[in-house]
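Take a look at the structure below.
The values are calculated or read from the model by the stated rules, or taken from the named source; none is laboratory data. Since the structure is predicted, the reported quantities are computational estimates derived from the model, not experimental observations. Don't worry about glycine lacking a Cβ; one is built from the backbone with ideal geometry, like all the others, and counts go over all protein chains shown.
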Amino acid sequence: MKTYLVGGAVRDQLLKLPVKDRDWVVVGASPDELIQKGYSQVGSDFPVFLHPQSKEEYALARTERKSAAGHKGFEVHYSKDVTLEDDLMRRDLTINAIAQSPDGDLIDPYNGLADIENKVLRHVSDAFIEDPLRVLRVARFAARFAHLGFVVAPETLALMKEISHSGELELLSAERIWREINLALKADTPAELVKTLRDCSALKIILPEVDALFGVPQPKKYHPEIDTGAHVLLCLEQAALLTDDPSIRYAVLLHDVGKGVTDPEKWPSHSGHEKLGVGLLKTITARLKVPNEYAQLAAVVCEYHTLLHRVTQLSPTSLLTLLEAVDAIRRPGRFDKFIVACEADARGRTGLEKRDYPQHRYLSLAKDAVAKVDSRAALDANPNQPPKQAIRLARLEAISTYIASSKEKRLIDTENSM
């Protein structure tokens with residue numbers, strides 16, 4: 001029985017990145033032998049064992065053979081005669097197919113070290129094409145490692161296109177798809193997820209609402225980049241600079257999906273795209289089983305981002321209505337995320353990436369003014385009004401006072417008039 005450190009732990013160690021999880025492969029052992037040594041078995045598809053002390057995962061060396069369509073359509077074979085090289089061959093990318101012995105020696109039968117040196121994401125073998133999930137995994141690794149200079153090998157991209165055209169992507173479960181998307185959104189360059197999926201024709205299957213944005217024009221006055229898809233990529237790049245929160249990045253990814261269904265006869269105008277987008281978001285949420293936290297933030301950003309851009313033009317009543325719509329007082333955390341997403345949208349425009357966004361401060365200070373309203377004092381001041389109306393009148397008064405003295409409003413209005 002021999003054990004080897006494998007996969008991401010070896011890869012990240014070589015890339016001098018933090019190692020979060022360590023996985024091991026066991027060669028020359030049976031399930032009974034591991035159980036006798038105190039390992040506990042988990043996993044239903046193939047034997048995986050937890051170490052009795054470290055609780056790290058140890059999997060028996062195995063091979064796989066495609067037997068049916070989809071991600072789970074594999075026959076798994078594990079026995080004492082399966083070699084380390086056999087096990088590594090079934091992995092997706094060469095950089096993930098390097099093993100390390102207990103003595104620190106590296107076993108690299110598929111040239112993963114060379115691909116790390118040359119910064120290439122390359123498939124291990126033609127068996128890559130058997131698992132449709134690998135299209136999303138490669139896109140996720142592109143999002144994670146693009147900032148280091150990694151690119152997808154042309155021959156690997158060709159296999160990804162073949163998978164996209166095979167119909168197998170449609171068989172992936174929502175949970176599997178969402179997991180890869182979410183991990184990519186947490187990566188350093190989430191825009192690479194969209195680029196890579198689009199390059200291999202998978203975006204129109206996984207997120208057709210985003211794919212539809214490419215080639216859709218916008219007014220050059222507000223969007224020098226013109227193309228809506230290009231704008232979304234720029235916005236994701238800005239979001240990555242502003243926050244590492246994947247729920248904000250998800251909202252930014254989808255904030256303009258309504259423009260994909262605008263009547264082409266109205267291009268480059270997109271009046272009403274906000275409401276159109278909210279309807280599309282419901283479809284995406286249901287299809288991918290998006291968590292509520294992500295879905296709710298995305299809906300708020302989609303519907304109200306343009307209001308924040310022109311927030312100083314709003315009357316006190318409209319400004320209070322905006323704060324109520326984003327639930328600013330009860331959910332200050334989500335309110336802060338809403339503002340960051342809108343800032344990423346404002347900066348995601350060619351030549352405007354470093355623009356200031358005083359609307360951020362303006363709405364935050366308006367929210368603070370509303371939060372300071374004393375509900376008891378408001379009720380006492382308006383005894384003849386229903387409680388909710390009395391409090392709302394006091395909040396409107398607080399907002400009116402704030403607007404009249406706001407330096408941010410004067411700054412924004414001056415910029416807009418230039």
Subject >> In the stretch 174-231, residue farthest from VAL151 (Cα to Cα) [restricted to those that are touching a Phe, Trp or Tyr at 6+ places or on another chain (Cβ under 8 Å) and in the same structural domain as LYS259 (by TED's automatic domain parsing)] >> reply: PRO217
Original post:
So GLN389 fits all but one of (1) over 28 Å from the mean Cα position of the chain (by Cα); (2) within 28 Å of LEU234 (Cα to Cα); (3) surrounded by fewer than 19 Cβ atoms within 10 Å (Cβ to Cβ); what number is the exception?
Top reply: (2)
Original post:
Is it the case that some residue within the stretch 237-255 is touching a residue at least 60 places away in the same chain (Cβ under 8 Å), in the same structural domain as THR350 (by TED's automatic domain parsing), assigned to a loop (DSSP other than H, G, I, E, B) and among the polar types (S, T, N, Q)?
Top reply: yes
**OP:** Could you tell me whether the stretch 28-37 includes any residue that is surrounded by fewer than 17 Cβ atoms within 10 Å (Cβ to Cβ), at pLDDT 90 or above, of a type outside the set (Phe, Trp, Tyr) and closer than 30 Å to LYS119 by Cβ?
**Re:** no
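Take the conditions at pLDDT 95 or above, under 30 Å from GLY167 (Cα atoms) and among the hydroxyl-bearing types (Ser, Thr, Tyr) and apply them to TYR78. Does it pass?
On the way: at pLDDT 95 or above: no; under 30 Å from GLY167 (Cα atoms): yes; among the hydroxyl-bearing types (Ser, Thr, Tyr): yes.
It is false that TYR78 is at pLDDT 95 or above, under 30 Å from GLY167 (Cα atoms) and among the hydroxyl-bearing types (Ser, Thr, Tyr).
Quick grid of which residues meet (1) modelled with pLDDT under 95; (2) within 22 Å of the chain's Cα centre (by Cα):
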position	(1), (2)
GLU274	no, yes
PRO291	no, yes
SER315	yes, no
LEU323	no, no
Original post:
If the Cβ limit is 6 Å and pairs must be 6+ apart or interchain, which residue in the stretch 77-88 that is surrounded by fewer than 15 Cβ atoms within 10 Å (Cβ to Cβ) pairs with which residue that is part of a loop (DSSP other than H, G, I, E, B)?
Top reply: LYS80/GLY28; GLU85/PRO109
Original post:
Residues of the stretch 201-218 being crowded, with 17+ Cβ neighbours inside 10 Å, without any contact (Cβ under 8 Å) to a residue 40 or more places away in the chain and in a loop (DSSP other than H, G, I, E, B), which ones?
Top reply: PHE214
Original post:
Is it fair to say ALA404 is closer than 25 Å to ARG249 by Cα and either in the same structural domain as TYR222 (by TED's automatic domain parsing) or surrounded by fewer than 18 Cβ atoms within 10 Å (Cβ to Cβ) (or both)?
Top reply: no
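So which of ALA328, ALA398, ALA394 is outside any helix (DSSP H, G or I) and of a type in the set (Gly, Ala, Ser)?
Numbers: ALA398 fails: outside any helix (DSSP H, G or I); ALA394 fails: outside any helix (DSSP H, G or I).
Step by step, each of ALA328, ALA398, ALA394 is checked, and only ALA328 is outside any helix (DSSP H, G or I) and of a type in the set (Gly, Ala, Ser).
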Original post:
With GLY351, GLY333 as the choices, which residue is closer than 27 Å to PRO246 by Cβ, surrounded by fewer than 12 Cβ atoms within 10 Å (Cβ to Cβ), at pLDDT 90 or above and in the same structural domain as LEU320 (by TED's automatic domain parsing)?
Top reply: GLY333
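Which of the residues that make up the stretch 292-315 are hydrophobic (A, V, I, L, M, F, W, C), free of Cβ contacts under 8 Å to residues at least 24 places away in the same chain and assigned to a helix (DSSP H, G or I)? Let's see the steps before the verdict.
Residues of the stretch 292-315 hydrophobic (A, V, I, L, M, F, W, C): 295, 297-302, 307-308, 311, 314.
In the following step, the residues that additionally are free of Cβ contacts under 8 Å to residues at least 24 places away in the same chain were identified as 295, 299, 307, 314.
If the condition is that a residue be hydrophobic (A, V, I, L, M, F, W, C), free of Cβ contacts under 8 Å to residues at least 24 places away in the same chain and assigned to a helix (DSSP H, G or I), then ALA295, ALA299, LEU307 are the ones that fit.
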**OP:** Could you please find all residues in the stretch 363-386 being of a type outside the set (Asp, Glu), more than 35 Å from the chain's Cα centre (by Cα) and more than 16 Å from ARG330 (Cβ to Cβ)?
**Re:** ARG376, ALA377, ALA378, LEU379, ALA381, ASN382, PRO383, ASN384, GLN385, PRO386
